[in-house]
Amino acid sequence: AEDRAELEGALAGQEFVVHYQPIVDLPTSRLIGVEALVRWQHPERGLIGPNTFIPLAESTGLIVPLGRWVLRQACEQLAAWCAEFPLARGIRVNVNLSARQFQHEGLVEEIAGILAGTGVNPHQIVLEITESLLMQDTDSTIDTLGRLKALGVRLAIDDFGTGYSSLSYLKRFPVDILKIDRSFVDGIDTVDGDATLAEAVVQLGRALQLQTVAEGIETAEQWSTLQDLGCEFGQGYLFARPGAAAEIATILTGTA
Ligand code: G
Ligand code: G
Ligand code: MN
Ligand code: NA
């Protein structure tokens, strides 16, 4: 309960910050988008990563107002970048949606309100949902996905390949992008079978006309292997770590 109060206080006290990690076109390593990743700028403990507070935010329901805040922040940032840098009009901003947010009654209306209020082009917003969320293959899941798509945003499946789900749902669900989980990229050049799995995801994406984004690229070898497999986009420490909005601005000036 104490932890919950602290998290609530942090939200009210504006102690959260959004960092952005570049997503690049693999052949050219040009910026095609960013993923918004929340951090807690704690007054005493410094910058805290989401793994330490997202689970609590989920279990207490605070993820709903926190997630709404992250989305609004990311949309405001995108609008500011677009006003300043012509290059920004061609990028996308990915925002993570947790299962709890997804199940929240007012989600679609809230997102619509944020899009309208910030004036961003909805096509520049990608909502990342996890594969496990889609495994709850219910009418209400399909209904929510359809209503999100109707707003003009794009949908990505995050951590794809970790969910052991049936593939048939991919055809029914209106998703646009598959994000290949970091665990496959990790072992792509070293662990038997990982390259085969990554390739299978890329082929699946191609068959269903979905874009593929590889996560967690750390070495030039992984980068090159993923290109050989036909993966279009990627993100990872090799290209850039998540950083403050100002770091993205230096790329968007076109001089970085
Ligand atoms: O940012 P890292 O770099 O440490 O992120 C760790 C985990 O936290 C990832 O699984 C990521 O999806 C999740 N995460 C980061 N930001 C957000 C957010 O704004 N909302 C949700 N639901 N998850 C987030
Ligand atoms: O779960 P999700 O994919 O949303 O979260 C992305 C997470 O992956 C964030 O915690 C981000 O900081 C982390 N990440 C991004 N690139 C790399 C990388 O190259 N290596 C590792 N180990 N983690 C990464
Ligand atoms: Mn993600
Ligand atoms: Na992921």
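Is it the case that some residue within region 188-195 is surrounded by 17 or more Cβ atoms within 10 Å (Cβ to Cβ), within 16 Å of ligand 4 (Cβ to nearest atom), of a type in the set (A, V, I, L, M, F, W, C) and farther than 30 Å from residue 121 by Cβ?
Yes; the residues of region 188-195 include at least one that is surrounded by 17 or more Cβ atoms within 10 Å (Cβ to Cβ), within 16 Å of ligand 4 (Cβ to nearest atom), of a type in the set (A, V, I, L, M, F, W, C) and farther than 30 Å from residue 121 by Cβ.
Mind listing whichever residues of region 190-225 are within 16 Å of ligand 2 (Cβ to nearest atom), within 21 Å of residue 167 (Cβ to Cβ) and not β-branched (Val, Ile, Thr)?
From region 190-225, those within 16 Å of ligand 2 (Cβ to nearest atom) are 190-191, 194, 198, 201, 211-225; that's our starting set.
Cutting the leftovers down to within 21 Å of residue 167 (Cβ to Cβ) gives us 194, 198, 201, 211-215.
Matches in region 190-225: 194, 198, 211, 214, 215.
Just to check your reading of the model, which residue among 254, 230, 216, 234 is crowded, with 17+ Cβ neighbours inside 10 Å and at positive phi?
Numbers: 254 fails: crowded, with 17+ Cβ neighbours inside 10 Å; 230 fails: crowded, with 17+ Cβ neighbours inside 10 Å; 234 fails: at positive phi.
It is 216.
This table checks each residue for (1) under 24 Å from residue 108 (Cβ atoms); (2) more than 15 Å from the chain's Cα centre (by Cα).
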| residue | (1), (2) |
| --- | --- |
| 43 | no, yes |
| 48 | no, yes |
| 53 | no, yes |
| 58 | yes, yes |
| 66 | yes, yes |
| 72 | yes, no |
| 79 | yes, yes |
| 82 | yes, yes |
| 87 | no, yes |
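Tell me which of these residue 7 doesn't satisfy, since it passes every other one: (1) touching a residue at least 60 places away in the same chain (Cβ under 8 Å); (2) of a type outside the set (Lys, Arg); (3) crowded, with 18+ Cβ neighbours inside 10 Å.
It fails just one condition, (1).
So the check is Cβ under 7 Å with 6+ separation or different chains; which pairs have a first residue in region 91-106 that's closer than 13 Å to residue 148 by Cα and a second one that's modelled with pLDDT under 95 and small (Gly, Ala, Ser)?
none
Residue 247 passes all but one of (1) within 16 Å of ligand 1 (Cβ to nearest atom); (2) in contact with a Gly (Cβ under 8 Å, 6 or more places away or on another chain); (3) under 30 Å from residue 83 (Cβ atoms); which number fails?
It is condition (2) that residue 247 fails.
I need the full set of residues from region 93-107 which are assigned to a helix (DSSP H, G or I), more than 15 Å from the chain's Cα centre (by Cα) and crowded, with 17+ Cβ neighbours inside 10 Å, in order please.
Selection gives 100, 107.
What number of residues in region 1-39 are away from ligand 2 (no atom under 14 Å from the Cβ), under 18 Å from residue 87 (Cβ atoms) and assigned to a strand (DSSP E or B)?
Residues in region 1-39 being away from ligand 2 (no atom under 14 Å from the Cβ), under 18 Å from residue 87 (Cβ atoms) and assigned to a strand (DSSP E or B): 4 in total.
Just give me the residues in region 47-66 being away from ligand 4 (no atom under 16 Å from the Cβ) and either crowded, with 18+ Cβ neighbours inside 10 Å or not in a helix (DSSP H, G or I) (or both), in sequence order.
47, 48, 53, 57, 61, 62, 63, 64, 66
Does residue 190 fit the bill of being of a type in the set (Ser, Thr, Tyr), closer than 23 Å to residue 78 by Cβ and without any contact (Cβ under 8 Å) to a residue 24 or more places away in the chain?
So residue 190 does not fit the description; no.
The values are calculated or read from the model by the stated rules, or taken from the named source; none is laboratory data. Bear in mind that the values here come from a model prediction, so they are computed numbers and not experimental data. Positions of Cβ are generated from backbone atoms using ideal geometry, with glycine treated the same way; all protein chains shown enter the neighbour counts.
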